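Structure first, then comments.
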Amino acid sequence: MELTIILIAIVAVVVIGVFFYYCPFFLWISARASGVRISLVQLVLMRIRNVPANIIVRALIEAHKAGLREVTRDDLEAHYLAGGNVTKVVDALVSASKANIDLTFKMATAIDLAGRNVFEAVQMSVNPKVIDTPPVTAVAKDGIQLIAKARVTVRANIRQLVGGAGEDTVLARVGEGIVSSIGSSESHKQVLENPDSISKLVLKKGLDSGTAFEILSIDIADIDIGRNIGATLQIDQAQADKNIAQAKAEERRAMAIALEQEMKAKAQEARAKVIEAEAELPRAMAQAFLSGNLGVMDYYRLKNMEADTTMREAIARPDNGPAKITK
């Protein structure tokens, strides 16, 4: 008997637990007490569709208390099933309503499904955000390098959050504007004297076009002087010119050496021909003797001319000592 009572009690507990799980009676009472009209059947169907009823009901209560009549149960369920964050969407709608920001439920859900935090976007529209840029290096026309840091004050552009560029694009455009402004300055001293001229020039370019932000101000936080790029480039150019001149001089020297070697080769070739011709001279003289074209007296006159020539060469070169006179 006691075992039967225990089994009946267990079954009753299980049945009651299943009933209250699929039929959140206390959640329905809370919704009705807050003025949200929703039926128990709808809550049961939410459980069957694997939609958390407590999240939907709490979002409906918050929207009802804030006076947002456009938020309905079907829309919240559809947004949850699409993978959206129902709580952040309702929080954003309530904040936008209190701050008089034109934000519809359709726009808020689109922003949320796009992967952006719609609640933080609304907060940024009320309280602008300050973004510090990394050090931006630029060179003025006088060749002096400047390193600038800026602070960009932005607020969210609700209508551009879907499809608009993010913070990285804003920082890149601001850096590009700073480089362009410094590069167009005649002297780095002008930039140091009037750093606000950079801000004014950058703001005129409309850098927030196509982004999810609206740039309110650009303030130059710090400017440091870097290297003298102009002097460095001149030194590099002078070194390059020097290397080119040395290369050309070396080329001319190599050509002169090659020409000298060529002349020496020609001289050696000519000397070899002379020696060859001198080697043929005794044979020619002997042939002349045999043929009667050369006499003894002609031979002696030739030898005397050679001796006279040798003596004259010795006189012309006294440092080389007395030359031997061949007879």
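Assorted remarks:
- For the residue pairs LYS264/LYS303; LYS98/LYS129; LYS149/LYS204, the C-alpha atoms sit more than 27 angstrom apart in LYS264/LYS303.
- Magnitude of the charge dipole, region 98-206, Cβ model with Lys/Arg +1 and Asp/Glu -1, debye to 20: 280 debye
- Accessible surface, per residue, of the chain when the full set of protein chains is kept, probe 1.4 Å, Å²: 65 Å²
- Qualifying trypsin sites (Lys or Arg not before Pro) for region 34-138 [loop in DSSP, other Cβ within 10 Å: at most 13]: ARG37, ARG49, ARG69
- Inter-probe distance in nm under a simple model that places probes 7 Å from Cα toward Cβ, at GLN237 and LEU40: 9.1 nm
- Note on GLU186 and LYS200: the model spin-label points, each 7 Å out from Cα along the C-beta direction, lie 1.6 nm apart.
- For a label point 7 Å along the Cα-to-beta-carbon line of SER209, residues of region 172-186 with backbone N under 15 Å: 173-174, 177
- Within a Gaussian network of the chain (alpha carbon springs, distance under 10 Å), most fluctuating of PRO195, PRO134, PRO282: PRO282
- Helical runs (DSSP H, four residues minimum) scored at -39500 (n - 2.57) apiece and divided by the length of the chain put the mean residue ellipticity at 222 nm at -21000 deg cm²/dmol.
- To put it simply, the accessible area of region 41-160 at a 1.4 Å probe is 49 percent carbon and sulfur.
- FRET efficiency for the pair ALA314 and ALA258, taken as 1/(1 + (r/R0)^6) with r the Cβ-Cβ distance and R0 = 41 Å, rounds to 0.65.
- Extension gain, ALA307 to THR153: 0.36 nm times the residue separation minus the Cα-Cα distance gives 44.6 nm.
- Lys/Arg +1, Asp/Glu -1 at C-beta; the chain dipole; positive extreme among ILE178, ALA165, ILE56: ILE56
The values are calculated or read from the model by the stated rules, or taken from the named source; none is laboratory data. Here the structure is a predicted model, which is why all the values come from computation and not from measurement. No Cβ is skipped: glycine too gets one built from the backbone with ideal geometry, and neighbour counts run over all protein chains shown. Calculation scope for accessible area: heavy atoms of the full protein, side chains included, ligands and nucleic acids excluded. Shrake-Rupley method; radii C 1.70, N 1.55, O 1.52, S 1.80 Å.
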